[in-house]
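Below you'll find the structure I mean.
The values are calculated or read from the model by the stated rules, or taken from the named source; none is laboratory data. This structure is a prediction, so every number in the text was calculated from the model and none was measured. We place every Cβ from the backbone using ideal geometry, glycine too, and count neighbours over all the protein chains shown. The protein model used for the area step is the full one, side chains on, heavy atoms only, and it has no ligands, DNA or RNA in it. Shrake-Rupley method; radii C 1.70, N 1.55, O 1.52, S 1.80 Å.
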Number of protein chains: 2
Amino acid sequence: MPRNRRPQNREEKRDEIVTAAAKLFIGTGYDETPMTAIAAAAGVATNTIYWYFDDKDALLVAVLDRVLAEALADASERADAPWEDQLMWAVERLDQYGRLVTVVHARTAIAPVIDAWHADFHRLAEDMLAGGFRSAGVPEESLRASVQIGVFVIEGLLLHPDTAPSRREVINLLARPTHVHRDPRRDEARPRSGS
Amino acid sequence: MPRNRRPQNREEKRDEIVTAAAKLFIGTGYDETPMTAIAAAAGVATNTIYWYFDDKDALLVAVLDRVLAEALADASERADAPWEDQLMWAVERLDQYGRLVTVVHARTAIAPVIDAWHADFHRLAEDMLAGGFRSAGVPEESLRASVQIGVFVIEGLLLHPDTAPSRREVINLLARPTHVHRDPRRDEARPRSGS
DNA sequence: GAATCGTCTTGGATGGCAGTCAAGATAAGG
DNA sequence: CCTTATCTTGACTGCCATCCAAGACGATTC
């Protein structure tokens, strides 16, 4: 019979650990922060973390879930803004999480939990982008490819902090997909517009 | 006075180590292959590697340099192929190096040597893409942004092996930048060509 | 041809890390 | 008060990159 000793303290403590880990993972990096540092920041013994989380990757997933949930909550408040502005805002909002983006990709190959999170996240991001592109007039036939380009560009912007200056330009070009071939088969014949 | 004991054997041995490291970094992963494994594969003692390379990151740079040089040599042979095909070929050629792409991004933040290599590589890639886009008729005003999108898309394709099926579609859409706003300010008014 | 001096190689540390184990605490339930 | 589930912890293991100090070995010098 489960006698819950500290009824909801459980969640609280877990959250404290996630908070400490989030700050360190984002600011310092995943590989660069030892579990001891997280424990110290959360004010617990290192091993206590292993009571709440299977391993460091599970903790990373918890951090990712929280960060994503917060971002989505913020995003829902401006769901009626113009599509381009939403995109721009999202990139700026996520900018601080560049290190998380890299580590997710790095660990996807070796940690199944991270791989699963990554796949879920891509589905979500693709759905959202598909909605945006559709509303921007991209035809169904090139929607998949446009969405994938969109995902890659956003990831790229986050992955390369030094590209911030040209960010606006890139997003404008991305969000306004005049890049709609009317008929792919006619592409071969169509003359180039440049010199 | 430098008395060279085994005159050119030096380069040979170094190359053997790089060969072993390349195979393991690409096939198994950087973080996943200990120095001992590289040493065993190269038939030397672990510490011998440290005679030829400062540390594991320096070895990674050597691997990256070789892989890039080989790819560029191959590429020069088809410099006269159509721009789209060159792009497609490049992505397929680099596909096998997905793990290297992730690790470069992961270590850029912490290893200055990797950061420097990464910056150089981006300059090179951007120059090449700029040439391609220019020849495809992208006007100067949106060239920078197009190039950046190009780099991000290629990186994205390499970073996400599961997107291989739609690769061709994505590259076609990318390489044929009908996404040329003739005048950004007129974008607001211009009717969409889609349904 | 023996001492010497760079070039290279290696066995054996060292210190940091993630994760394990088994021994406690603590408080609710009986 | 004693059992039991929940939680916490110190001590430990094993892996890893990297360092150190001792050698091996051939060319140079005398």
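Where in the range B:41-149 are there helices (runs of 4 or more DSSP H), lying wholly inside it, with at least 1 residues that are within 16 Å of DNA strand C (Cβ to nearest atom)?
B:46-52, B:56-76, B:98-108
Which of the residues belonging to the range A:19-56 are under 22 Å from A:Glu70 (Cα atoms), among the small types (Gly, Ala, Ser) and open to solvent by 30 Å² or more (accessible area, probe 1.4 Å)?
A:Gly27, A:Ala41
Could you list, in sequence order, all residues of the range B:111-131 that are aliphatic (A, V, I, L, M) and either more than 24 Å from A:Gly27 (Cα to Cα) or out of contact with any helix residue (DSSP H, G or I) (no Cβ under 9 Å at 6 or more places or on another chain) (or both)?
B:Leu124, B:Ala125, B:Met128, B:Leu129, B:Ala130
Is it the case that A:Asp74 is away from DNA strand D (no atom under 16 Å from the Cβ) and touching a residue at least 24 places away in the same chain (Cβ under 8 Å)?
no
On to the next question. State which residue pairs qualify: first residue assigned by TED's automatic domain parsing to the domain that holds A:Phe152 and over 17 Å from B:Leu100 (Cβ atoms) and inside the range A:92-118, second residue of a type in the set (Gly, Ala, Ser) and open to solvent by 40 Å² or more (accessible area, probe 1.4 Å) in any location, beta carbons under 7 Å apart, and separation of 6 or more residues or different chains.
A:Arg99/B:Ala109
Out of (1) exposed (fewer than 12 other Cβ atoms within 10 Å of the Cβ); (2) in contact (Cβ under 8 Å) with a residue 24 or more places away in the chain; (3) closer than 24 Å to A:Glu169 by Cα, what's the single condition that is false for A:Asp80?
Only one criterion is unmet by A:Asp80, namely (2).
In the range B:127-142, what residues are without any contact (Cβ under 8 Å) to a residue 40 or more places away in the chain and crowded, with 16+ Cβ neighbours inside 10 Å?
Hits for the range B:127-142 are B:Met128, B:Leu129, B:Ala130, B:Arg134, B:Ser142.
Looking at (1) at the interface with another protein chain (Cβ under 9 Å from one of its Cβ atoms); (2) at pLDDT below 95; (3) closer than 25 Å to B:Val63 by Cβ, which is the only condition B:Ala136 fails?
(3)
Still on this structure: Can you report the number of residues in the range A:21-40 which are away from DNA strand D (no atom under 16 Å from the Cβ) and assigned to a helix (DSSP H, G or I)?
Number of matching residues: 6.
Return the only residue of A:Ala109, A:Ala62, A:Ala145 being within 16 Å of DNA strand D (Cβ to nearest atom), within 14 Å of another protein chain (Cβ to nearest Cβ) and surrounded by 17 or more Cβ atoms within 10 Å (Cβ to Cβ).
Answer to the selection: A:Ala109.
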